[in-house]
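Asker: Sharing a structure, written as structure tokens. Questions coming.
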Amino acid sequence: MKLNAVLCGCGAMSKGWLRAIKETPDLAEAIEIVGLVDVNPAAAEALAEEFGLSAARVGTDLAEIIGQTKANIVFDVVIPTARFNIVSTAMKAGCHVLSEKPMATSLAEGAALIDLAAETGKIHAIIQNRRFISGIRRLRRFVESGAIGELTGIHCDFFIAPHFGGFREEMDNVLLLDMAIHTFDAARYVAGKKPLAVYCVERNPKGSWYRHGASANATFEFSDDVVFTYRGSWCAEGERTSWESQWRIVGSKGMLTWDGEDGFKAAVAGNEPGLLHGFSPVEVPAPERVEETHGHASVIASFVEAIRTGKRPETVSSDNIRSLAMVFGAIESAKTGRRVDISA
């Protein structure tokens, strides 16, 4: 039986969700888009026309469209400040919810949504799509294999200069809140560790076209003495890094580097005499489960599976709040100039 879905928030980001469903046969078979909701009805109507959703109800009131369509699920693609009300409305109306990130604009709101999901018995998951790409899955499996020994550090560089226009250029803490959460979540996943504390310096560099916080440097303490460092800028013109960051993972026996695209290199200590012992290359295997590496489609498939089987989705909000806590811990540290404990 198909799940009836209402998509709320019909801006540019929603197209990635709809493409993933349309281009993935299992998802197209499992999900029927029965409603589109946006504060601007013209945006919803244009989206319906572009994706051939002429049968979908279009409106500005989510609760009303849910009632009219008897929806089971809501895809939440609204701007962050509207998220709490949209997710609350959907779950209270009996729908499971898959949300864009960040899951909330504060930890208190995030905790309230987790409580509401438990109270209503509904699944609330977050579309951390960049966790579901081949590179990140390869990093995780390689670390788990023990090929470079015990994990000691993860170090990520992110330097890109996108000119989005729109709401991002007016946001507070734009890099930390809107983009760095992808790398933070991926690092937490790759490490398999709990974030404990952070110290962060945030700036809006000269030449930035963002209003606030286009660059950040953060050092996180993870459990088991693992350190994660992040250096990033969203206004760094010139030769850019990958959108997935450049990674260096350090273990007790060796290192793994990933350029964020196709370049993987791993090595352990060699046997050369003298000050530096050289290195011996190690192969980095491809992901074993290719179905996990399709970004939006993989997250949506995990969400559908959770609804049908009761299995806990990987990006369930009760876990994802730890990634949100990393973001807000970094923001608090940047504001106060102090090391901040992460309690989520």
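Asker: Set the Förster distance to 41 Å, then compute FRET efficiency between residue 150 and residue 19 from the Cβ-Cβ distance, nearest 0.05.
Answerer: After rounding to 0.05, the efficiency reads 0.50.
Asker: About its Cα centre, what dipole magnitude does the chain give when the only charges are +1 on Lys and Arg Cβ and -1 on Asp and Glu Cβ, stated in debye to the nearest 20?
Answerer: With Lys and Arg at +1 and Asp and Glu at -1, about 440 debye.
Asker: Find the all-direction average of the projected area of the Cα convex hull for the chain, expressing the result in square nanometres with one decimal place.
Answerer: Spelled out: convex hull of the Cα atoms, projected over all directions, averaged, 18.5 nm².
Asker: Could you pull out every residue, at least 5 positions away or on a different chain, whose amide H is within less than 5 Å of the one on residue 153? Hs are placed 1.01 Å off N in the peptide plane, and Pro or chain starts have none.
Answerer: Sorted by chain and number, the residues that satisfy this are 227, 250.
Asker: In terms of Cα to Cα distance under 30 Å, which lysines are near enough to residue 265, apart from those fewer than 8 places away along the same chain?
Answerer: Filter leaves 193, 194, 253.
Asker: Could you give each residue of the stretch 15-21 its phi-based ³J(HN,Hα) in whole Hz, using Karplus coefficients 6.51, -1.76, 1.60 with θ = phi - 60°, and x for Gly or Pro?
Answerer: With coefficients 6.51, -1.76 and 1.60, one gets 5, x, 5, 5, 5, 4, 5 Hz.
Asker: For the stretch 168-185, what does the Karplus curve 6.51 cos²θ - 1.76 cosθ + 1.60, with θ = phi - 60°, yield as ³J(HN,Hα) per residue in whole Hz, taken in order and with x for Gly and Pro?
Answerer: 4, 6, 10, 6, 7, 6, 4, 5, 5, 7, 9, 10, 4, 4, 4, 5, 4, 5
Asker: On to the next question. Between residue 64 and residue 115, what length comes free when the chain is fully extended (0.36 nm per residue of separation minus the Cα-Cα distance, one decimal in nm)?
Answerer: 16.0 nm
Asker: Dividing the convex hull volume of the Cα atoms of the stretch 211-311 by its residue count, what figure in Å³ per residue is obtained?
Answerer: 218 Å³
Asker: Also, I was wondering about something else. Determine the sum of side-chain charges near residue 128: Lys and Arg each +1, Asp and Glu each -1, restricted to other residues whose C-beta is under 12 angstrom from that of residue 128.
Answerer: +1
Asker: A follow-up question, please. log₁₀ I(q)/I(0) of the stretch 24-81 at q = 0.25 Å⁻¹, via Debye over equal Cα point scatterers, no solvent, to two decimals?
Answerer: For the stretch 24-81 at q = 0.25 Å⁻¹, log10 I(q)/I(0) is -1.15.
Asker: So, one more: What FRET efficiency would be calculated for the residue pair residue 134, residue 283, taking the C-beta separation as r and a Förster radius of 22 Å, to the nearest 0.05?
Answerer: Plugging the Cβ-Cβ distance into 1/(1 + (r/R0)^6) gives 0.90.
Asker: Turning to a different aspect of this structure: Based on Cα positions only, what radius of gyration and what Dmax would you give for the stretch 3-122, in angstroms?
Answerer: Rg, Dmax (Cα atoms, Å): 13.5, 39.
Asker: Give me the tail of P(r) for the stretch 230-286 as a percent: Cα-Cα pairs with distance above 19 Å.
Answerer: Counting every Cα pair in the stretch 230-286, those more than 19 Å apart make up 44 percent.
Asker: Right, something else. Only bridges with both residues in the chain count here: give the DSSP antiparallel percent, nearest 5.
Answerer: Among the beta bridges of the chain, antiparallel pairing accounts for roughly 60 percent.
Asker: If each of residue 276 and residue 196 carries a label point 7 Å out from its Cα toward its Cβ, how far apart are those two points in nm?
Answerer: For residue 276 paired with residue 196, the spin-label model returns 3.2 nm.
Asker: Okay, moving on. Taking Cα atoms of the stretch 148-227, Rg/Rh with Kirkwood Rh, to two decimals?
Answerer: Result for the stretch 148-227 is an Rg/Rh of 1.04.
Asker: Still on this structure, please answer the following. Starting from the Cα of residue 22, draw a straight line to each of the lysines and keep only those under 18 Å, dropping any in the same chain fewer than 8 residues away.
Answerer: Straight-line reach from residue 22, under 18 Å: 2.
Asker: Same structure, new question: For 289, 240, 130, what's the fewest-to-most ordering of other Cβ within 10 Å of each Cβ?
Answerer: Exposure proxy ranking, most exposed first: 289, 240, 130.
Asker: With r defined as the distance between the Cβ atoms of residue 237 and residue 172 and R0 fixed at 25 Å, what FRET efficiency is calculated, to the nearest 0.05?
Answerer: Computed FRET efficiency for residue 237 and residue 172: 0.65.
Asker: For a label point 7 angstrom out from the Cα of residue 269 toward its Cβ, which stretches of the stretch 150-170 have the backbone nitrogen within less than 13 Å?
Answerer: Backbone N within reach: 150.
Asker: Here is a follow-up. Indicate the gyration tensor shape class of the stretch 254-307 (rounded, prolate or oblate), computed on the Cα atoms with a ≥ b ≥ c the square roots of the eigenvalues: a/c under 1.5 is rounded; otherwise a/b larger than b/c is prolate and the rest oblate.
Answerer: prolate
Asker: Moving to a separate point now. Starting at the first residue of the stretch 273-287, write each ³J(HN,Hα) from the Karplus equation 6.51 cos²θ - 1.76 cosθ + 1.60 with θ = phi - 60°, in whole Hz, x for Gly and Pro.
Answerer: x, x, 4, 10, 8, x, 8, 10, x, 10, 6, 9, x, 6, x
Each value in this text was obtained by applying a stated rule to the coordinates, not by laboratory testing. Remember, predicted model here, so these are calculated numbers, not experimental data. In this analysis, Cβ positions are derived from the backbone assuming ideal geometry, glycine residues included, and neighbour counts consider all displayed protein chains.
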